[in-house]
Each structure stands twice: as structure tokens, then as C-alpha cells.
Amino acid sequence: QKEVEQNSGPLSVPEGAIASLNCTYSDRGSQSFFWYRQYSGKSPELIMSIYSNGDKEDGRFTAQLNKASQYVSLLIRDSQPSDSATYLCAPEGAAGNKLTFGGGTRVLVKP
Amino acid sequence: DAGITQSPRHKVTETGTPVTLRCHQTENHRYMYWYRQDPGHGLRLIHYSYGVKDTDKGEVSDGYSVSRSKTEDFLLTLESATSSQTSVYFCAIEADQGVAPLGTDTQYFGPGTRLTVL
């Protein structure tokens, strides 16, 4: 079993719809969780962080965390073609300073 | 890009040759990381450093060594490159709270180096 699981996709959504991305992790000691966006041929770019159970909203992005279920998700509202990218989930290890990355979910937003 | 540069950006080499990749940062961050990214495997940690001359192994460290003689430079060396080391290599820094670009203490990535071993 992988430490961080993501559906590889592609997740195809029409423009203006909500894209919902899921991530499960195995390290119960993880306290910090990060979402990165990676465009093809580019480096990962941090878009969201979440530390507490519940929802955290930032613009069109909402991160949701449930530590009891070891589950973190990312919602992209009003999806735009520019949101087409691979989204990487990265919990931080219990000891801190080290991230474990999921394989990423590829999102395609169709006009 | 959090002041991180990587060199070279592209390299083609032959099996058995030594290769050194350089990561340079301008903002005095303590933690630096080397990852490789391959289709089907995502980003995997090779080695990381928590200060000058302080390094530790990641999950895929076999065949790689690192050195950090100055805060700003973190070098990744493939002593004898193999075709299985063909990959995209990313360097990252951990930015401290308060100076991080998004105010979040986490990792920020350099532009990457595409390495092909023939």
C-alpha cells in the first residue's frame, strides 16, 4: 500500500464546474498537509496548506481535512482551462521537514 | 521560484559517467532537498540537508551522493550514471515561517533538471 494515494485521473470537468480531488495517507502522525499544482514540464507550485480538521478556503480553492479518516481533499470551484494540471497531495511526516508526495491527479478542464 | 536555481537544466550523458547537479539558493534557507520525478512514481526524495555538512538519506538514495559545503549550494552526484537514473530532478528548499512566499512553512521547488542517461 502506497503511503499517499491519489486517483491518477484524468479527471475531466467542464469549464465552470467543480473539480473534486481526493487523497488518503497512511502516516497517522501527519499534522500538516499541502496541495501542489504542476503544469506539464514545470515544477510543483504550492497552492494550499491545511493543518486543522475541517475546511479551508482560498479563492476558488477549498481544502478539506479529516485526520480521523486520514483523508484530505481539494475542491476547485468555477474550474477554468488554466486549472488543467496535475495536483499533488503532500502530507508532512510526523517528525516534520519531510513531505511524502502522492502520484498526483491530472485534471482536464474542457471549455 | 523562491530564489532557487538549478544547473544544468538539461543534460545527456552516457552510462558509467559521473554527473553532478547543482542547486543554488539565495535566501539562506537551512533545509534543502533533492527529488526525482518519474511517470508512475511521482516525486521521491533522494537526499536532504539540514545545514552545512549535515545531510541524510531519503527513500531512493542508492546510487546518489550529496554535499553541502556552503549554505547556498546543495550538490547531487551520480557517481556512475545508469539508465535507471534518467529522470527529472528537482531541488527544493524549506522556507521558514514569515519569509515563505505564501506565509507557509513548507517546501518550494526549483525549475528542475532533465537528465537523460544513454
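Of all residues in the stretch A:88-99, which are more than 12 Å from the chain's Cα centre (by Cα) and either more than 8 Å from chain B (Cβ to nearest Cβ) or not in a loop (DSSP other than H, G, I, E, B) (or both)?
Going through the stretch A:88-99, the residues more than 12 Å from the chain's Cα centre (by Cα) turn out to be A:92-99.
If the condition is that a residue be more than 12 Å from the chain's Cα centre (by Cα) and either more than 8 Å from chain B (Cβ to nearest Cβ) or not in a loop (DSSP other than H, G, I, E, B) (or both), then A:92, A:93, A:94, A:95, A:96, A:99 are the ones that fit.
What about residue A:74, is it within 14 Å of chain B (Cβ to nearest Cβ) and under 22 Å from residue A:54 (Cβ atoms)? Walk me through it before giving the result.
Numbers: within 14 Å of chain B (Cβ to nearest Cβ): no; under 22 Å from residue A:54 (Cβ atoms): yes.
Considered against the rule, which asks whether it is within 14 Å of chain B (Cβ to nearest Cβ) and under 22 Å from residue A:54 (Cβ atoms), residue A:74 comes out as no.
Would you mind listing the strands (runs of 3 or more DSSP E) fully within the stretch B:1-71 where at least 1 residues are open to solvent by 20 Å² or more (accessible area, probe 1.4 Å) and not hydroxyl-bearing (Ser, Thr, Tyr)?
Of the strands (runs of 3 or more DSSP E) lying wholly inside the stretch B:1-71, those with at least 1 residues that are open to solvent by 20 Å² or more (accessible area, probe 1.4 Å) and not hydroxyl-bearing (Ser, Thr, Tyr) span B:10-13, B:19-25, B:32-38, B:42-51, B:54-57, B:64-70.
Collect the residues in the stretch A:67-107 that are open to solvent by 60 Å² or more (accessible area, probe 1.4 Å) and not charged (D, E, K, R), keeping them in residue-number order.
The first filter runs over the stretch A:67-107 and keeps only residues open to solvent by 60 Å² or more (accessible area, probe 1.4 Å), leaving A:68-69, A:71, A:77-78, A:82, A:94-95, A:98, A:106.
Hits for the stretch A:67-107 are A:68, A:69, A:71, A:82, A:94, A:95.
Return the residues of the stretch A:27-39 that are modelled with pLDDT of 95 or more and either at positive phi or surrounded by fewer than 17 Cβ atoms within 10 Å (Cβ to Cβ) (or both); say none if nothing qualifies.
Listed by number, the list holds a single entry, A:39.
How about the stretch A:19-73: which of its residues are part of a loop (DSSP other than H, G, I, E, B) and charged (D, E, K, R)?
Listed by number, the residues that qualify are A:27, A:28, A:42, A:60, A:67.
The values are calculated or read from the model by the stated rules, or taken from the named source; none is laboratory data. Please read these numbers as outputs of a predicted model, since none were measured by experiment. Ideal geometry is used to build each Cβ from the backbone, glycine not excepted, and the neighbour counts take in all protein chains shown. Note: accessible area is taken over every heavy atom of the protein model, side chains too, but ligands, DNA and RNA are not part of it. Shrake-Rupley method; radii C 1.70, N 1.55, O 1.52, S 1.80 Å.
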